[in-house]
Every structure is written in C-alpha cells, then in structure tokens.
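The values are calculated or read from the model by the stated rules, or taken from the named source; none is laboratory data. Bear in mind the structure is a predicted one, so any value in this text is a computation, not a measurement. For neighbour counting, all protein chains shown are included, and Cβ atoms are generated from backbone atoms with ideal geometry for every residue, glycine included.
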Amino acid sequence: MINNQKLVFIFAIIVGFSFTSCEAPQDTEKIRETIAASNELFMEAIKNGDATALANLYTEDGQILPQGGDFYTGKEAIQKFWANALENKKNTITLKTAEVGGMGKTVYEVGEYEFTTLVEDVKTISNGKYIVIWKKVDGNWLMHRDMWNDNPPLQKPE
C-alpha cells in the first residue's frame, strides 16, 4: 500500500515534469514588433515584384494556402507562386495585424489586408483577412503557414 508521503512525492514529480515540458508564453509585444518589421519587408517585396525576397520570408518547408488555390510547399514553390502572381503588374499590399499570440517557437498572426493591382491602367482592389503561423528558426521568426481569403464585394442596398 502507498502511504500519503509517497503519493505526495509521486504527484510532485509528475507536476514538476509537466511544468518543465511547457514553454513560457512569449513576449507578444516584442514578437508583434518583429512581425511588423517582416510585414514591412513583405509589403516592399510585393511592391517591387520580388518573388525571391518573398520566398525568403518563409521557412524551408513553409506553405501558402491561397484562396481558391492549391497548397504551395517549400521556398521554391512559394517563389514560383509569387513570381506568377506578380508578373507584369504593379502591386501594393497593406497588412494590418489584429492579433498575435502563441507559445514557444510558434506564434500566430491574424489580420486584414488590402491588395491593389494595376495592369494597363486598370486598377483592381481586393481586401480580406489572413492568418499566418510563424515559426522561430535559428533565432528568426519566419512564416511557416500563410493563408488568406478575400472578403466578398460590398453589395449595394436595394
């Protein structure tokens, strides 16, 4: 039979192991600042049509999940996607982070975007929402999963 002292000792060991395996919450304000700096690089790369710079913001096994499209996995596939999407166009994007959270080496970002494309004097504007899962790799926060979808066009009341 187990006495109360042994039971308390076993419980303390179990609790101790569970706390050592959990990682402390991140300093979300510092991470938010880091993500904001990366988002500035993302917006600049879109404006410059620089698919290589965009791909470098993702992890090696990063993945994008565009609205109505396939999975694009890995930097090479991501670079090809962005090169095709930005080809022969003048683009701008504005990102607005609404929320950042997470623990350990993984955080998430939720936000809104406005994407403007100009092709032969025809301007198209779309806006929507996105979620990015960021992963810390070699001390740097990189996009690991990136998913977005457009909001439907505003309907005029009848």
Filter region 101-125 down to the residues that are in a strand (DSSP E or B) and either free of Cβ contacts under 8 Å to residues at least 12 places away in the same chain or touching a Pro at 6+ places or on another chain (Cβ under 9 Å) (or both), then identify the one that is surrounded by the fewest Cβ atoms within 10 Å (Cβ to Cβ). Val122
State whether the residues of region 36-45 include one that is among the charged types (D, E, K, R), free of Cβ contacts under 8 Å to residues at least 24 places away in the same chain and under 24 Å from Glu120 (Cα atoms). yes
In region 69-100, residue surrounded by the most Cβ atoms within 10 Å (Cβ to Cβ) [restricted to those that are among the polar types (S, T, N, Q) and in a strand (DSSP E or B)]: Asn91
What about Asp150, is it more than 16 Å from Glu33 (Cα to Cα) and surrounded by 15 or more Cβ atoms within 10 Å (Cβ to Cβ)? no
Select from region 100-142 the residues that are out of contact with any helix residue (DSSP H, G or I) (no Cβ under 9 Å at 6 or more places or on another chain), more than 15 Å from Thr34 (Cα to Cα) and among the aromatic types (Phe, Trp, Tyr) and list them in ascending order. Tyr113, Tyr130
Condition first: modelled with pLDDT of 95 or more, surrounded by 11 or more Cβ atoms within 10 Å (Cβ to Cβ) and in a loop (DSSP other than H, G, I, E, B). Can you find one or more residues in region 25-38 that meet it? no
Counting just the residues of region 77-113 that are within 18 Å of Gly49 (Cβ to Cβ) and among the charged types (D, E, K, R), which one comes out nearest to the chain's Cα centre (by Cα)? Lys80
